[in-house]
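Enquirer: One structure, pasted below without further comment.
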Amino acid sequence: MDISELDELENSVQDLLSLAKIELEEKRLQQQRDEQIQEEIVKIKQRLEPLLSQIEEMLSQLSSEDFVDSMTRKKLEAKAEDLRQRLANAPLLAAQAIDRQMILNEEKLLDERIAEQTHRWRLALKADLLEMITEQQDFYSATDASIAIRPYIHDLKAIGALEEVVDVLIHQINTHSEEGPVARLRGSHEQTLTFIYNKALENRSRVERAPDVQPRVRHRSSEKRPNPYAILEGKVVIFGGHDRLESAVRNRLRDSNVNLIWCTAQAGPQIAEQSESHIASADLVLVVTGYTSHKLTDKAVQAAQRSGKSVEMVNTTGVVRVLEAIEYGLKTKQLARHLNQFSKPA
């Protein structure tokens with residue numbers, strides 16, 4: 001087992017631990033959900049019921065016989081009906097309020113996971129850059145290494161490694177300089193790197209075949225910064241959930257090649273029909289049961305059956321489970337396509 005395998009093993013273990021932490025916290029949030037919803041219902045009723053009582057008392061004084069044409073009476077009646085409707089919908093309003101907060105908490109957990117992955121990736125980047133510098137065995141190649149380093153200034157500064165990398169670069173340039181220690185600090189380490197970078201560009205312009213020094217991906221898991229959803233691709237049709245959930249999921253998939261068609265519980269029949277028309281060409285069909293009506297669920301299942309597609313039910317109101325279902329479903333499809341291509345005769 002070489003160093004790169006150890007790095008990969010360490011990263012995979014740390015990421016699994018991070019995922020486990022997210023699942024534990026997501027489970028805790030889901031378990032608290034029902035209790036929090038009941039508390040929110042009480043709060044809603046405590047605010048709306050006194051308002052309704054006040055309006056009803058005033059309406060009793062504005063008798064219909066004496067105030068038949070009163071605009072104020074009509075407005076009060078409309079407001080009373082609005083309050084009654086809101087009270088009837090208190091469980092739904094409470095659930096939406098709690099779920100908005102739960103999604104914020106889940107997004108915070110997902111951000112922490114990305115931050116941990118990015119930190120490990122940056123440490124591995126530093127190791128790759130240092131190895132790249134020390135491998136350069138002539139003055140011009142050592143100077144040219146600055147061009148590869150410069151795009152990563154922000155990443156190196158984030159882990160406090162820019163100074164170390166620039167110091168090693170200066171040392172390597174001076175080690176192979178025939179004119180003595182020509183490289184030195186000029187202002188800050190960032191300013192020094194920019195100065196060496198400009199010299200390297202001048203050196204490239206003077207020769208026909210310039211060196212193009214680049215770090216190998218030895219310690220990093222990939223050349224690009226971590227994004228667990230970037231490699232996903234395919235068409236996903238989702239029924240159910242709510243607008244806030246859809247927005248959160250779309251935000252996480254923005255750098256992927258996932259074509260997401262979503263019909264939320266708030267969408268009208270026209271949007272539902274449009275979404276159903278996409279099922280036949282979908283790689284994955286999900287029904288988020290947290291908010292989906294039986295009618296919408298039945299229509300989605302029937303449309304999928306007509307197209308010979310299976311439907312996965314995701315019993316959640318949170319973003320973590322939906323993302324997991326999308327990631328697992330699309331990766332399974334990608335693996336199946338790869339195995340089919342591999343098994344085809346030449």
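Enquirer: Output the residues belonging to region 156-167 that are crowded, with 19+ Cβ neighbours inside 10 Å and within 24 Å of the chain's Cα centre (by Cα).
Expert: L156
Enquirer: Related question: Given (1) within 30 Å of L201 (Cβ to Cβ); (2) in a loop (DSSP other than H, G, I, E, B); (3) open to solvent by 30 Å² or more (accessible area, probe 1.4 Å), where does V68 come up short, assuming only one miss?
Expert: (1)
Enquirer: For region 85-134, give me each residue that is surrounded by fewer than 20 Cβ atoms within 10 Å (Cβ to Cβ), farther than 28 Å from A148 by Cα and small (G, A, S).
Expert: Residues satisfying the conditions are A88, A90, A97.
Enquirer: List every residue pair whose Cβ atoms sit under 6 Å apart, with the two residues 6 or more apart in sequence or on different chains, where the first one lies in region 165-183 and is among the aromatic types (F, W, Y) and the second, anywhere, is surrounded by 22 or more Cβ atoms within 10 Å (Cβ to Cβ) and in a helix (DSSP H, G or I).
Expert: none
Enquirer: Return the residues of region 265-298 that are in a helix (DSSP H, G or I), within 22 Å of L92 (Cα to Cα) and either touching a residue at least 24 places away in the same chain (Cβ under 8 Å) or open to solvent by less than 40 Å² (accessible area, probe 1.4 Å) (or both); say none if nothing qualifies.
Expert: Selection gives A272, L296, T297.
Enquirer: Shifting gears a bit: Failed condition for A230, given (1) modelled with pLDDT under 90; (2) touching a helix residue (DSSP H, G or I) at 6+ places or on another chain (Cβ under 7 Å), with all others met?
Expert: Against the list (1) modelled with pLDDT under 90; (2) touching a helix residue (DSSP H, G or I) at 6+ places or on another chain (Cβ under 7 Å), A230 comes up short only on (2).
Enquirer: Suppose we filter Q85, Q96, Q54 for residues that are modelled with pLDDT under 85 and not in a loop (DSSP other than H, G, I, E, B); which single one remains?
Expert: Unique residue meeting the criteria: Q96.
Enquirer: Please go through (1) touching a Pro at 6+ places or on another chain (Cβ under 8 Å); (2) open to solvent by 100 Å² or more (accessible area, probe 1.4 Å); (3) not basic (K, R) for Q38 and return the number of the only condition it doesn't satisfy.
Expert: (1)
Enquirer: Next question, about the same structure. State whether one or more residues within region 143-150 are closer than 24 Å to I22 by Cα, among the basic types (K, R) and part of a helix (DSSP H, G or I).
Expert: no
Enquirer: Next question, about the same structure. Just give me the residues in region 195-249 being open to solvent by 40 Å² or more (accessible area, probe 1.4 Å), in contact (Cβ under 8 Å) with a residue 12 or more places away in the chain and part of a helix (DSSP H, G or I), in sequence order.
Expert: Y197, K199, L201, R204, D243, R244
Enquirer: Mind listing just one residue for me: the one in region 250-259 that is of a type outside the set (A, V, I, L, M, F, W, C) and assigned to a loop (DSSP other than H, G, I, E, B) and, of those, least open to solvent (accessible area, probe 1.4 Å)?
Expert: S256
Enquirer: Restricting to region 168-194, what's the tally of residues that are part of a helix (DSSP H, G or I) and open to solvent by 30 Å² or more (accessible area, probe 1.4 Å)?
Expert: Counting residues in region 168-194 that are part of a helix (DSSP H, G or I) and open to solvent by 30 Å² or more (accessible area, probe 1.4 Å) gives 8.
Enquirer: Starting from region 97-120, keep only residues that are of a type in the set (S, T, Y), then list their pairs with residues that are part of a helix (DSSP H, G or I) whose Cβ atoms are within a distance under 9 Å, requiring at least 6 positions of separation or different chains.
Expert: Hits for this filter: T118/D155; T118/A158.
The values are calculated or read from the model by the stated rules, or taken from the named source; none is laboratory data. Nothing here was measured: the structure is a model prediction, and the numbers come from that model. In this analysis, Cβ positions are derived from the backbone assuming ideal geometry, glycine residues included, and neighbour counts consider all displayed protein chains. Please note that ligands, DNA and RNA were not included when accessible areas were found on the heavy atoms of the full protein model with its side chains. Shrake-Rupley method; radii C 1.70, N 1.55, O 1.52, S 1.80 Å.
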